[in-house]
């Protein structure tokens, strides 16, 4: 064997060992990460932002963020954003949040006068945020224009991120 073949053989063995070991190692779950942004006032705020797909494979942006008034959290909003022209919310239309145990929590649509783009729904989750389970998953459900069902599964990792956001905000005020 020449040097090129030996080098190639060693790389092949190295990659094989790496992939075999990495599939056996039990990795801990990833920690939830909050996003930061600065408001026009220069204040640092946090939000939780995720991309999820519905049953039809359409991608949705799911954003949980606090609404501040005089540096104090007044409300928490959950914003759902679909691709423009592909989904249209009916306003006002409540959102159902269904826990893994089957509990149904209804949240109000804050868009009562269609001030958002048709593909945006925003809901007041202030009162139900403390009621969400610490483990398990959630399902978000509402009816879109054209009698289409929107159903999004919120995995435990995102639920943990939401809880981290609420705890982080409570510590800062």
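The values are calculated or read from the model by the stated rules, or taken from the named source; none is laboratory data. Since the model is a prediction, treat every value here as computed from it, not as a measurement. Cβ atoms come from the backbone with ideal geometry, glycine included; neighbour counts cover every protein chain shown.
Is at least one residue of region 105-121 in contact (Cβ under 8 Å) with a residue 40 or more places away in the chain and either closer than 18 Å to residue 164 by Cα or surrounded by 12 or more Cβ atoms within 10 Å (Cβ to Cβ) (or both)? Don't jump to the end; show me each part of the working.
Quick first cut of region 105-121, residues in contact (Cβ under 8 Å) with a residue 40 or more places away in the chain only: 120-121.
The next check asks that each one be either closer than 18 Å to residue 164 by Cα or surrounded by 12 or more Cβ atoms within 10 Å (Cβ to Cβ) (or both); those that pass are 120-121.
Yes, that holds for at least one residue.
Identify all residues within region 63-98 that are within 16 Å of residue 149 (Cα to Cα), assigned to a strand (DSSP E or B) and either within 18 Å of the chain's Cα centre (by Cα) or modelled with pLDDT of 95 or more (or both); write none if there are none.
80, 81, 95, 96, 97, 98, listed by residue number.
Restricting to region 108-143, what's the tally of residues that are under 24 Å from residue 53 (Cβ atoms), assigned to a strand (DSSP E or B) and more than 17 Å from the chain's Cα centre (by Cα)?
So the answer is 2.
Can you name the number of the only condition in (1) modelled with pLDDT of 95 or more; (2) farther than 19 Å from residue 159 by Cα that residue 60 fails?
With respect to (1) modelled with pLDDT of 95 or more; (2) farther than 19 Å from residue 159 by Cα, residue 60 is out only on (2).
Among the numbered conditions (1) free of Cβ contacts under 8 Å to residues at least 12 places away in the same chain; (2) within 14 Å of the chain's Cα centre (by Cα), tell me where residue 47 comes up short.
Residue 47 satisfies all of (1) free of Cβ contacts under 8 Å to residues at least 12 places away in the same chain; (2) within 14 Å of the chain's Cα centre (by Cα) except (1).
Find all pairs meeting these conditions: Cβ atoms under 9 angstrom apart; at least six residues apart or on different chains; first residue within region 128-155 and on the phi > 0 side of the Ramachandran plot and in contact (Cβ under 8 Å) with a residue 12 or more places away in the chain; second residue surrounded by 15 or more Cβ atoms within 10 Å (Cβ to Cβ) and not in a loop (DSSP other than H, G, I, E, B).
136/99; 136/156; 136/159
Quick check on my filter: what residues within region 59-73 are loosely packed, with under 15 Cβ neighbours inside 10 Å and either touching a residue at least 24 places away in the same chain (Cβ under 8 Å) or at positive phi (or both)?
59, 70, 71, 72
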